[in-house]
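These notes concern the structure reproduced below.
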Amino acid sequence: MLKEGMNIMILLLLFLAITQFSNADEPFDVRKHLATVTRYADSKDISANSFVSSEIPDQCTPIHLNLVARHGTRAPTKKKIRELEALDAHLEVLVRDAKEHKQYSEKIPSWLAEWRSPWKGKVTGGELITEGEDELYHLGIRVRERFPDLFNEEYHPDVYSIKTTQVPRASASAVAFGMGLFNERGKLGPGRHRAFAVTSESRASDIVLRFHDCCQSYKAFRKSQEPNVDKLKEPLLNEITRELVRQYGLNFTNQDVSSLWFLCKQEASLLNITNQACSLFSPSEVSLLEWTDDLELFILKGYGDTLNYRMGVPLLEDVVQSMEQAIKAKEEGYATGIYEKARMRFAHAETLLPFSCLIGLFLEESEFERIQREESLELPPKPPKNRNWRGSNVAPFAGNNMLILYSCQSDNSSKYFVQVLHNERPIALPGCHGSSFCPFEIFKDKIAAPHLKHDYNMLCNVIEQKQKDSASSKLSQILGWFWSLRNAGSLARKDDL
């Protein structure tokens, strides 16, 4: 018996050694290190640990689905197009100057000497591209296949609610997802599509999906922190810039290197080109540049400050409320087709990231307890150390969180559980002792409630009130000035008499 146990142990150690060797031997793929510009297909293979998800008991049935998704792969925005055009012009000058010194000209990569921005001259940007449409379309198909009991009814907008922001790439993503979800469920055209409703709030008042845009306190916080983020990045950019100048003989600036890193991400993600801008950087430099992006994401949109995610309480309230309504429908025996079975939302990284933080994803259990006490967390560790917080994992293009509400029958009583899927995979909930299958009451009381005690208006409108007070003061000054002029004019007329 002892010998058999030893043999099993030896085989297990051998398996682990082989697994580690194969992982270490895996070639470096820059497309998995593009922070929030990472394509969905590339991000799905990224995992910081070997989390084993909880098993769903046989007596449990899904009764409601919440989806919070980022839009799919998009083109560069207008601002970034202008940055690439500036890089285009500056590279042309650098190459011309370097060629005058023949000892340097041979070092210049041929592609760089001839490169012109593929987006040069474009006056629009940020639109969902065909690859992004494909990501959401197939996500819709997979969701229906995975949860057939939730999507077996005739479509009705009150049963299958689809919401989006008014930003075109988000609404286009919602449409692509809906086309996949309801594929072959209608009678329109050869694909047997069917029409479905997509609703949105005005940008100016959408505090559920664009809370970051309506939160004046957050805008002020972000503006105040951006210079600090730049200072954190500066030493690393200095180091990489010196190395590129030495290697290629071009007088690069930090801004050039920052723009070349952005170009690398765009080429690799949108055009599948990895042998141009990305080839300028070694794998270790790519890892460090990715880390600086993750730092920025952490400080300005993640766990770096409680305001970053607590401004998302309207979205968390919406999710919890939808699950409570589903439980009520189950308890009271509502007829099929008259209650909501899925609520699906399509927005942005600025929506998905805070929501992930609100439910405590990508944390150890001790860190979760710290954010519940509103204590700050350490910044993500620098490579080569491992970290849970990677933009390529937490919010890639088409990144998503699904919260599946299950009804579990036990001894003639019904209990409810929540399973969280991140990018379609079960993920540990530190607020539920690291399980991915959490009793609804624990999810509600331990994970959601500490955040829901905060009021969005109290969190976000402090500065707005100051602005109103300032505007009121200025109005009083203008009225005072007007009345003084009027009185002066009145006195002048009396003097004329």
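Out of curiosity, is residue 203 loosely packed, with under 15 Cβ neighbours inside 10 Å and either without any contact (Cβ under 8 Å) to a residue 12 or more places away in the chain or assigned to a helix (DSSP H, G or I) (or both)?
Numbers: loosely packed, with under 15 Cβ neighbours inside 10 Å: yes; either without any contact (Cβ under 8 Å) to a residue 12 or more places away in the chain or assigned to a helix (DSSP H, G or I) (or both): no.
Answer is no for this residue.
Would you please list the contacts, defined by Cβ atoms under 6 Å and residues six or more apart or on different chains, that run from a residue in the stretch 416-430 that is within 21 Å of residue 41 (Cβ to Cβ) to a residue that is at pLDDT 95 or above and polar (S, T, N, Q)?
Matching pairs, first to second residue: 422/401.
Just checking, which of 198, 208 is closer than 26 Å to residue 133 by Cα, touching a Pro at 6+ places or on another chain (Cβ under 6 Å) and either buried (at least 18 other Cβ atoms within 10 Å of the Cβ) or at pLDDT 95 or above (or both)?
On the way: 198 fails: touching a Pro at 6+ places or on another chain (Cβ under 6 Å).
That would be 208, the only listed residue that is closer than 26 Å to residue 133 by Cα, touching a Pro at 6+ places or on another chain (Cβ under 6 Å) and either buried (at least 18 other Cβ atoms within 10 Å of the Cβ) or at pLDDT 95 or above (or both).
Filter the stretch 224-240 down to residues that are within 10 Å of residue 254 (Cα to Cα) and hydrophobic (A, V, I, L, M, F, W, C) and give me whichever is surrounded by the fewest Cβ atoms within 10 Å (Cβ to Cβ).
Taking the candidates together, the pick is 236.
State which residue pairs qualify: first residue without any contact (Cβ under 8 Å) to a residue 60 or more places away in the chain and inside the stretch 82-100, second residue outside any helix (DSSP H, G or I) in any location, beta carbons under 8 Å apart, and separation of 6 or more residues or different chains.
Taking only residues 6 or more apart or on different chains, the pairs are 85/117; 85/119; 85/120; 88/115; 88/116; 88/117; 88/120; 99/108.
On the basis of being surrounded by 20 or more Cβ atoms within 10 Å (Cβ to Cβ), out of contact with any Gly (no Cβ under 7 Å at 6 or more places or on another chain) and under 16 Å from residue 263 (Cβ atoms), does residue 65 make the cut? Full working, then the answer.
Details: surrounded by 20 or more Cβ atoms within 10 Å (Cβ to Cβ): yes; out of contact with any Gly (no Cβ under 7 Å at 6 or more places or on another chain): yes; under 16 Å from residue 263 (Cβ atoms): no.
No; evaluated as a whole, the condition is false for this residue.
What is the number of the single condition among (1) within 21 Å of residue 313 (Cα to Cα); (2) out of contact with any Cys (no Cβ under 9 Å at 6 or more places or on another chain) that residue 365 does not meet?
Unmet condition: (1).
Could you tell me whether the stretch 36-46 includes any residue that is within 24 Å of residue 422 (Cα to Cα), out of contact with any Ser or Thr (no Cβ under 8 Å at 6 or more places or on another chain), at pLDDT below 90 and surrounded by 15 or more Cβ atoms within 10 Å (Cβ to Cβ)? Lay out the reasoning, then the answer.
In the first step, residues of the stretch 36-46 are kept if they are within 24 Å of residue 422 (Cα to Cα); the result is 36-46.
From the residues that got through so far, the ones that are out of contact with any Ser or Thr (no Cβ under 8 Å at 6 or more places or on another chain) too are 41, 44-45.
Subset that is at pLDDT below 90: 44-45.
From the residues that got through so far, the ones that are surrounded by 15 or more Cβ atoms within 10 Å (Cβ to Cβ) too are 44.
Yes; the residues of the stretch 36-46 include at least one that is within 24 Å of residue 422 (Cα to Cα), out of contact with any Ser or Thr (no Cβ under 8 Å at 6 or more places or on another chain), at pLDDT below 90 and surrounded by 15 or more Cβ atoms within 10 Å (Cβ to Cβ).
Report the residue count in the stretch 146-168 for those that are under 19 Å from residue 325 (Cα atoms), out of contact with any Pro (no Cβ under 9 Å at 6 or more places or on another chain) and acidic (Asp, Glu).
Here the count works out to 2.
Which is among the aliphatic types (A, V, I, L, M) and within 23 Å of the chain's Cα centre (by Cα), of 280, 270, 250?
Working: 280 fails: within 23 Å of the chain's Cα centre (by Cα); 250 fails: within 23 Å of the chain's Cα centre (by Cα).
It is 270.
When you scan the stretch 9-16, do you find a residue that is modelled with pLDDT of 95 or more, surrounded by fewer than 20 Cβ atoms within 10 Å (Cβ to Cβ) and within 28 Å of residue 362 (Cβ to Cβ), even just one?
Filtering the stretch 9-16 for residues modelled with pLDDT of 95 or more gives none.
So far as the stretch 9-16 goes, no, none of its residues is modelled with pLDDT of 95 or more, surrounded by fewer than 20 Cβ atoms within 10 Å (Cβ to Cβ) and within 28 Å of residue 362 (Cβ to Cβ).
Condition first: at pLDDT 95 or above, outside any helix (DSSP H, G or I), of a type in the set (A, V, I, L, M, F, W, C) and surrounded by 13 or more Cβ atoms within 10 Å (Cβ to Cβ). Can you find one or more residues in the stretch 160-175 that meet it?
So the first thing to find is which residues in the stretch 160-175 are at pLDDT 95 or above, and the list is 160-175.
Applying the additional criterion that residues be outside any helix (DSSP H, G or I) yields 160-167.
In the following step, the residues that additionally are of a type in the set (A, V, I, L, M, F, W, C) were identified as 162, 167.
Narrowing the set further to residues that are surrounded by 13 or more Cβ atoms within 10 Å (Cβ to Cβ) leaves 162, 167.
Yes - at least one qualifying residue is present in the stretch 160-175.
In the set 474, 446, which member is over 18 Å from residue 53 (Cβ atoms), out of contact with any strand residue (DSSP E or B) (no Cβ under 8 Å at 6 or more places or on another chain) and modelled with pLDDT of 95 or more? Please lay out each step first, then the result.
Numbers: 474 fails: modelled with pLDDT of 95 or more.
Checking each option against the conditions leaves just 446.
Test residue 379 against the criterion of being hydrophobic (A, V, I, L, M, F, W, C), part of a loop (DSSP other than H, G, I, E, B) and touching a Pro at 6+ places or on another chain (Cβ under 8 Å), and give yes or no. Give the derivation first.
Values: hydrophobic (A, V, I, L, M, F, W, C): yes; part of a loop (DSSP other than H, G, I, E, B): yes; touching a Pro at 6+ places or on another chain (Cβ under 8 Å): no.
The answer is no for residue 379.
Looking at this structure, is residue 372 in contact with a helix residue (DSSP H, G or I) (Cβ under 6 Å, 6 or more places away or on another chain), surrounded by fewer than 17 Cβ atoms within 10 Å (Cβ to Cβ) and more than 28 Å from residue 138 (Cα to Cα)? Show your work before the answer.
Details: in contact with a helix residue (DSSP H, G or I) (Cβ under 6 Å, 6 or more places away or on another chain): yes; surrounded by fewer than 17 Cβ atoms within 10 Å (Cβ to Cβ): yes; more than 28 Å from residue 138 (Cα to Cα): yes.
Answer is yes for this residue.
Helices (runs of 4 or more DSSP H) wholly in the stretch 30-148 with at least 2 residues that are over 23 Å from residue 264 (Cβ atoms) and among the hydrophobic types (A, V, I, L, M, F, W, C) - which ones? Walk me through how you get there before you give the answer.
Details: elements: 40-43, 78-99, 102-105, 110-114, 130-146.
The qualifying helices (runs of 4 or more DSSP H) are 130-146.
Which condition number in (1) under 25 Å from the mean Cα position of the chain (by Cα); (2) modelled with pLDDT of 95 or more; (3) over 18 Å from residue 309 (Cβ atoms) is the one that residue 416 fails?
So the condition that residue 416 fails would be (1).
Which residues, taken from the stretch 122-145, are of a type in the set (D, E, K, R), surrounded by fewer than 17 Cβ atoms within 10 Å (Cβ to Cβ) and touching a residue at least 40 places away in the same chain (Cβ under 8 Å)? Outline the logic, then answer.
Filtering the stretch 122-145 down to residues of a type in the set (D, E, K, R) leaves 122, 127, 131, 133-135, 142, 144-145.
When the remaining residues are screened for being surrounded by fewer than 17 Cβ atoms within 10 Å (Cβ to Cβ), the result is 122, 127, 142, 145.
If the condition is that a residue be of a type in the set (D, E, K, R), surrounded by fewer than 17 Cβ atoms within 10 Å (Cβ to Cβ) and touching a residue at least 40 places away in the same chain (Cβ under 8 Å), then 122, 127, 142 are the ones that fit.
The values are calculated or read from the model by the stated rules, or taken from the named source; none is laboratory data. Every value quoted in this text rests on a predicted model; they were computed, and no experiment measured them. Virtual Cβ from ideal backbone geometry, glycine too; neighbours counted across all protein chains shown.
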